[in-house]
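Notes follow once the structure below has been shown.
The values are calculated or read from the model by the stated rules, or taken from the named source; none is laboratory data. As the structure is a computational prediction, the values presented were derived from the model and not from experiment. Glycine gets a Cβ as well: all are built from the backbone with ideal geometry, and neighbour counts include every protein chain shown. Side chains are part of the model used for accessible areas, which takes the heavy atoms of the whole protein and leaves out ligands, DNA and RNA. Shrake-Rupley method; radii C 1.70, N 1.55, O 1.52, S 1.80 Å.
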Amino acid sequence: QGQFVESGGGLVQPGGSLRLSCVASGSFFRLYSMGWFRQAPGKQRELVAGISSGGSTYYADVVKGRFTISRDTAKNTVYLQLTSLKPEDTAVYYCNKNPPVTSYWGLGTQVTVSS
């Protein structure tokens with residue numbers, strides 16, 4: 001069982017940075033592979049970064065070198081550091097288990113990259 005609450009989004013200029021946080025409830029977080037997903041208007045939700053329970057990471061090609069995923073098991077939190085942001089990064093960002101569980105989607109956090 002788990003639920004996720006995302007925060008940290010906002011309006012940022014191109015080239016700027018943000019750090020997103022996702023707090024998980026439940027006592028099994030440390031066992032989960034986690035992912036950050038995003039959904040832009042008119043597009044399907046996509047996985048942008050993942051982290052295993054052991055700390056191995058995955059990045060989609062479009063964010064590789066710009067985004068960094070990390071986790072703090074003691075805080076039941078997974079982070080996504082976004083740097084060198086581009087207008088095409090504008091989307092609602094969600095966290096979930098990876099692969100995702102439909103019933104675990106939260107409200108997400110909006111990231112808007114615009115000058």
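Show me the strands (runs of 3 or more DSSP E) entirely contained within the stretch 6-98 in which 3 or more residues are open to solvent by less than 40 Å² (accessible area, probe 1.4 Å) and at pLDDT 95 or above.
Where strands (runs of 3 or more DSSP E) fall fully within the stretch 6-98 and carry at least 3 residues being open to solvent by less than 40 Å² (accessible area, probe 1.4 Å) and at pLDDT 95 or above, they are 18-24, 34-39, 46-51, 77-82, 91-97.
Taking the numbered list (1) at positive phi; (2) open to solvent by 40 Å² or more (accessible area, probe 1.4 Å); (3) small (Gly, Ala, Ser) in turn, GLY108 passes all entries but (2). Whether a residue is out of contact with any strand residue (DSSP E or B) (no Cβ under 9 Å at 6 or more places or on another chain) and touching a residue at least 12 places away in the same chain (Cβ under 8 Å) was assessed, and PHE28 passes this test.
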